[in-house]
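*Asks:* I am attaching a structure below and will ask some questions about it afterwards.
The values are calculated or read from the model by the stated rules, or taken from the named source; none is laboratory data. Owing to the predicted nature of the structure, the values given are computational and were not obtained by experimental measurement. So basically every Cβ, Gly included, is an ideal-geometry build from the backbone, and we count neighbours across all protein chains shown. Note: areas computed on protein heavy atoms with side chains; ligands, DNA, RNA excluded. Shrake-Rupley method; radii C 1.70, N 1.55, O 1.52, S 1.80 Å.
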Amino acid sequence: MGLVAIGPWIAQLLVAIFFIVGFIDIYMSIWHTAFRTPSASHSKRILYRVILILLSVGVSSVLHFAGYESGNNAMMYHNIGLFILSFSLLDEDINTGEYSLRCVALIIVWGMHHMGDFTSQRFFISIAILLVMLVILRDKRKYFSLKFVPNIVASAIISFDFWLTLPTKSAGIQMDNAVAWEAILMFMLMTIFTWRQYHVAVRNNHTAHVANYDTMTDVKNYAAYQQDIFTDMGTARTNRQPLTLAVFDIDRFKQINDQYGHLGGNTVLTGISTLIKSTLQKYSEDYQLYRTGGEEFVIVFPNSTSNEVLPVLTHCWREVRNQQFEYNNKEIKVTTSMGMSSLRAEDESADVLYKRADDSLYDSKRRGRDTITVDGEEQELLGDGSVTYAYFVQNIYEVQSGIKHIANEMRLRCYDHEKETWRVPDQVNLTVDKRLVLMADALINSECKRIVITLSTAEFLNPEVAKKIINFRKSVDGPEELVIELDRMPVIDLLRRASELYHQNDITIVLSQIGNNRHFERVNAGIQYIDGIKLPLQSLCVDHHFEQIKDNIQFWGKIAAKRQIRFIVDGILDEKEANWVLAQDYVSYVEGDYFSRSHLPISA
């Protein structure tokens, strides 16, 4: 193509600038989630970083291929494609691998435009300049990214090197000096017009991050808490969902500051924030941690009851208790006091919920610290060596071909010496090793050798625990079939890895406590990695009529049938409930006191 007339060239320039402005806006939106949203899960951040690569390389490739067939507009398409790849190289947050992929794409584009000219001196000079620039841009990326003049210089070198060294015929363009200079001018004007947009976006992201995140611990701050709790409470009220809030602080933090200095205290604050944030993300991306002042933190659990999240909060409490924070070659041990409460119908504002949780926190303080209090009731967290534990069993029945006893669910009990009776322990504080010994005792005394055991999410995801469970399954006295029952769905990428390990060793996974339809999204996201779901009847009977319960059974039953997994209904107490449940479609297994009460297995 010859010299482009000034009118069409200006039109091409406007199209190019408007296209690039839109591209940068989309790119920065994705970039914000990938690099500036600490609450996003690790897997989500990785996904968005992959999308950034696909966006920059993919859009650029489409434009370059379009340039081959676009006639008079070829230079514009190739220039926009070149600009997108060059722009993505200045992203200072990408790692070396991501940078290398962008470089490879740019070198391929460079080679496409020099097709048939690879032996010429100008190609070797051009590619040598490009490689040197790629090394310099990576090494001094912050310098070129943040400063206007160096950015313009880098853009000028890339555009000059590209357009002034092309052969006469290049990727659908008839090159001459006039076309080359028009392309260079367009490239430089795109750089000038979009530099401010890019840096305004970066500055706005930084300002929003500073406004909503604690600069030291990188968790959300009190201002973010005030915004989020208002939204969470509105969602809970509108959708009739539960909402739970926990408040905790670090015990004797002033003594830590006095003994180790403020830098030591900051190390503890940062370490605890990181530890609890990573623990919460194992359970749900919706659980949010806030530093609301000094050594005080708040955790918000949307769409979750106190009973559902108590194991999560206990896991956080234990993680901190078992961790040693290192500062100045010294190990610092700390504990936390926690209080928790759930939203009630009469709560007029989030402040009422917060005060109730905060009062429970101070109850924990008054009881000697290092504990969790829920609505004024202290939780039993530390095991007592004098307590006698044993596993009771409850029969599980298959009902699709008559009622047949097929397995036993292991249910832990402790002996109340004062009342001389067995009871359900308030908290399970036994190690996995001790529980496996108790399971083996129960198994020896049971005729049925197929068992169901319950693990917390933390235990399920722990590789050491998995190894012990697998060894127990494979031992001579181990069960014929072993089913692990989870009370909640872990984060998907962690669930996938753990389920693969268990399935490889013939261990089945069932999700219990699915409650009602409000858990559908959480369950559906990971249902491909589990082998069954259990619906506890009693959790529905509290707030629902039989027709609503039937709808829930049909709802989850259809999902189980579609996925070809087990569907168990638990908690059947009397003949009326038994007859009613057995008449429903999709139910494949049942258990409950009507069929068999939990009992201590004793061999004859």
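*Asks:* Could you list, in sequence order, the residues of the range 583-604 that are in contact with a strand residue (DSSP E or B) (Cβ under 7 Å, 6 or more places away or on another chain), more than 30 Å from Tyr389 (Cβ to Cβ) and open to solvent by 30 Å² or more (accessible area, probe 1.4 Å)?
*Replies:* Tyr586
*Asks:* Pairs under 7 Å by beta carbon, first residue closer than 14 Å to Asp91 by Cα in the range 195-208, partner exposed (fewer than 13 other Cβ atoms within 10 Å of the Cβ), six or more apart or different chains?
*Replies:* Correct list of pairs: Trp195/Phe148.
*Asks:* Another one. Please pick out the residue among Leu14, Leu63 that is open to solvent by 20 Å² or more (accessible area, probe 1.4 Å), modelled with pLDDT of 85 or more and over 30 Å from Leu280 (Cα atoms). Talk me through it step by step, then tell me what you get.
*Replies:* Numbers: Leu63 fails: open to solvent by 20 Å² or more (accessible area, probe 1.4 Å).
Leu14 is the lone residue from the list that is open to solvent by 20 Å² or more (accessible area, probe 1.4 Å), modelled with pLDDT of 85 or more and over 30 Å from Leu280 (Cα atoms).
*Asks:* Please enumerate the residues belonging to the range 305-358 that are among the charged types (D, E, K, R), open to solvent by less than 70 Å² (accessible area, probe 1.4 Å) and within 18 Å of Glu377 (Cα to Cα).
*Replies:* Glu308, Arg356, Asp358 - these are the residues of the range 305-358 that are among the charged types (D, E, K, R), open to solvent by less than 70 Å² (accessible area, probe 1.4 Å) and within 18 Å of Glu377 (Cα to Cα).
*Asks:* Taking Asn212 as the residue in question, decide whether it is at pLDDT below 85, closer than 30 Å to Asp351 by Cα and of a type outside the set (Gly, Ala, Ser).
*Replies:* Judged against the criteria, Asn212 is a match.
*Asks:* Of everything in the range 565-589, what is polar (S, T, N, Q) and either over 38 Å from the mean Cα position of the chain (by Cα) or on the phi > 0 side of the Ramachandran plot (or both)? Give them in sequence order.
*Replies:* Asn579
*Asks:* Can I ask one more? Can you work out which of the residues in the range 75-105 that are polar (S, T, N, Q) and without any contact (Cβ under 8 Å) to a residue 12 or more places away in the chain is most open to solvent (accessible area, probe 1.4 Å)?
*Replies:* Once the filter is applied, the top-ranked residue is Asn95.
*Asks:* Does Leu343 satisfy being in contact with a helix residue (DSSP H, G or I) (Cβ under 9 Å, 6 or more places away or on another chain), at pLDDT below 90 and among the hydrophobic types (A, V, I, L, M, F, W, C)?
*Replies:* It is false that Leu343 is in contact with a helix residue (DSSP H, G or I) (Cβ under 9 Å, 6 or more places away or on another chain), at pLDDT below 90 and among the hydrophobic types (A, V, I, L, M, F, W, C).
*Asks:* Let me ask something else. Name the single residue, out of those in the range 401-434 being of a type in the set (Gly, Ala, Ser) and assigned to a strand (DSSP E or B), that is surrounded by the fewest Cβ atoms within 10 Å (Cβ to Cβ).
*Replies:* Per the stated criteria, the residue is Gly402.
*Asks:* Does at least one position in the range 458-477 carry a residue that is of a type in the set (Asp, Glu), surrounded by 15 or more Cβ atoms within 10 Å (Cβ to Cβ), without any contact (Cβ under 8 Å) to a residue 40 or more places away in the chain and in contact with a helix residue (DSSP H, G or I) (Cβ under 9 Å, 6 or more places away or on another chain)? Write out each step before concluding.
*Replies:* The initial filter retains those residues of the range 458-477 that are of a type in the set (Asp, Glu), namely 459, 464, 477.
If we keep only those that are surrounded by 15 or more Cβ atoms within 10 Å (Cβ to Cβ) as well, we get 459.
When the remaining residues are screened for being without any contact (Cβ under 8 Å) to a residue 40 or more places away in the chain, the result is 459.
The next check asks that each one be in contact with a helix residue (DSSP H, G or I) (Cβ under 9 Å, 6 or more places away or on another chain); those that pass are 459.
Yes, the range 458-477 has at least one match.
*Asks:* Filter the range 361-380 down to the residues that are open to solvent by less than 50 Å² (accessible area, probe 1.4 Å) and either under 12 Å from Leu310 (Cβ atoms) or in a loop (DSSP other than H, G, I, E, B) (or both) and list them by number.
*Replies:* In the first step, residues of the range 361-380 are kept if they are open to solvent by less than 50 Å² (accessible area, probe 1.4 Å); the result is 361, 363-365, 368, 370-374, 376, 379.
Selection gives Gly368, Asp370, Thr371, Ile372, Thr373, Val374, Gly376, Gln379.
*Asks:* Moving on to the next point. May I ask you to list the residues in the range 172-189 that are among the small types (Gly, Ala, Ser), within 23 Å of Ala154 (Cβ to Cβ) and either open to solvent by 50 Å² or more (accessible area, probe 1.4 Å) or in contact (Cβ under 8 Å) with a residue 40 or more places away in the chain (or both)?
*Replies:* Residues of the range 172-189 among the small types (Gly, Ala, Ser): 172, 178, 180, 183.
Going one step further and asking which of them are within 23 Å of Ala154 (Cβ to Cβ), we end up with 180, 183.
Matches in the range 172-189: Ala183 only.
*Asks:* What residue, among those in the range 126-139 that are of a type outside the set (Asp, Glu) and within 17 Å of Asn95 (Cα to Cα), is most open to solvent (accessible area, probe 1.4 Å)?
*Replies:* Val135
*Asks:* Scanning for something at pLDDT 85 or above, closer than 19 Å to Ile453 by Cα, among the aliphatic types (A, V, I, L, M) and buried (at least 17 other Cβ atoms within 10 Å of the Cβ), does the range 545-559 turn up at least one residue?
*Replies:* Checked the range 545-559: no residue is at pLDDT 85 or above, closer than 19 Å to Ile453 by Cα, among the aliphatic types (A, V, I, L, M) and buried (at least 17 other Cβ atoms within 10 Å of the Cβ).
*Asks:* Can you tell me how many residues within the range 277-295 are out of contact with any Ser or Thr (no Cβ under 8 Å at 6 or more places or on another chain), modelled with pLDDT under 95 and not in a loop (DSSP other than H, G, I, E, B)?
*Replies:* Going through the range 277-295 one residue at a time, the tally reaches 6.
*Asks:* Oh, and also: Which numbered condition trips up Ala345, out of (1) assigned to a helix (DSSP H, G or I); (2) under 30 Å from Asn239 (Cβ atoms)?
*Replies:* Of the numbered conditions (1) assigned to a helix (DSSP H, G or I); (2) under 30 Å from Asn239 (Cβ atoms), the odd one out for Ala345 is (1).
Yes/no matrix, rows are residues, columns are (1) open to solvent by less than 40 Å² (accessible area, probe 1.4 Å); (2) modelled with pLDDT under 90; (3) within 23 Å of Leu54 (Cα to Cα):
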residue	(1), (2), (3)
Ile107	no, no, yes
Met115	no, yes, no
Thr119	no, yes, no
Phe124	no, no, no
Arg141	no, yes, yes
Lys147	no, yes, no
Asn151	yes, yes, no
Ile157	no, no, no
